[in-house]
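Below is one structure, written out as structure tokens, with a few remarks after it.
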Amino acid sequence: MKMKTRTITVTAIMVALCVVVQLFKNPGTIPVTGGLINMIIIIDTLYCGLVSGIIISIAAPVTSFIITQSPMIAAVPMILPFIMVGNVVIVLFAWAVRCKKLELNLLPLSLVAGSFAKWGVMTLLIVQWVLPVFGADLSPKMKAMAAATYSTTQLYAALAGTALTCIIWPIIKLGVKRSR
């Protein structure tokens, strides 16, 4: 599949936005930062398409780990690919309604469903499988923190990203339509 120059450029800008958002990350603001990252991933998918959304879904957790040096991911590196899988799940739900005539009507429902699907996938894969199998050496406190971070907190972040997208996407779509 050949990507157009505009798609490559917008994808690069979105990766850069993810990095900027991650630079301002404080320990207590994971849902806020995560919400912004989810919004960037979703808007990129809606604007550029599936391949671009998947690229950002893969790049965002890697840049986050590089910037934050998360001790949890450093202790259990198997978490990182499953964060990517969770991001791809919400991308698929966003992409499913892209370019449909009822997009703005179906988008909130699709993204809420995608948020719960992302939460379910990440809870199942990370909390129920990766942490017990690969994180056996973690302290009970670290396991509890990881379980909350990669389940409930991810749901809140995905829902926050969904809400932000539902507010911002119609404005972006209108602006893009006027510029053409």
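The values are calculated or read from the model by the stated rules, or taken from the named source; none is laboratory data. Here the structure is a predicted model, which means the values were calculated and not measured. Quick reminder, even Gly has a Cβ in these numbers, built from the backbone with ideal geometry, and neighbours come from all protein chains shown. Heavy atoms of the whole protein, side chains included, go into the accessibility calculation; ligands, DNA and RNA do not. Shrake-Rupley method; radii C 1.70, N 1.55, O 1.52, S 1.80 Å.
Computed per residue of the chain from DSSP H runs no shorter than four, each worth -39500 (n - 2.57), the mean residue ellipticity at 222 nm is -26500 deg cm²/dmol. Shape analysis of region 46-100 places it in the prolate category; the axes a ≥ b ≥ c from the Cα gyration tensor give an a/c of at least 1.5, with a/b above b/c. Placing unit charges on the Cβ atoms of the charged side chains and taking the dipole of the chain about its Cα centre, the candidate lying farthest along the positive direction among 16, 132, 83 is 16. Within the chain, the proportion of Cα pairs with more than 21 Å between them is 47 percent. About the centre of its Cα atoms, the chain shows a dipole size close to 740 debye [charges on the beta carbon of Lys, Arg (+1) and Asp, Glu (-1) only; nearest 20 debye].
Sequence-ordered 3J(HN,Hα) estimates for region 51-59 from the Karplus curve with 6.51, -1.76 and 1.60 and θ = phi - 60° stand at 4, 5, x, 5, 4, 5, 4, 7, 6 Hz, glycine and proline given as x.
The long axis of helix 79-97 is offset from the longest Cα principal axis of the chain by roughly 30 degrees. Under a Gaussian network description of the chain, with springs only between Cα atoms under 10 Å, the residue in 157, 147, 74 that fluctuates furthest is 74. The phi torsions of region 32-41, fed into the Karplus equation with coefficients 6.51, -1.76 and 1.60 and a -60° offset, translate into couplings of 5, 4, x, x, 5, 5, 4, 4, 4, 4 Hz, rounded to whole numbers, with Gly and Pro shown as x. Under the criterion of Cα pairs below 8 Å and six or more residues apart, the relative contact order for the chain equals 29 percent.
On the chain, 73 percent of the accessible area sits on carbon and sulfur atoms, based on a 1.4 Å probe.
Accessible surface area normalised per residue over the chain is 53 Å², counting heavy atoms of protein chains with a 1.4 Å rolling probe.
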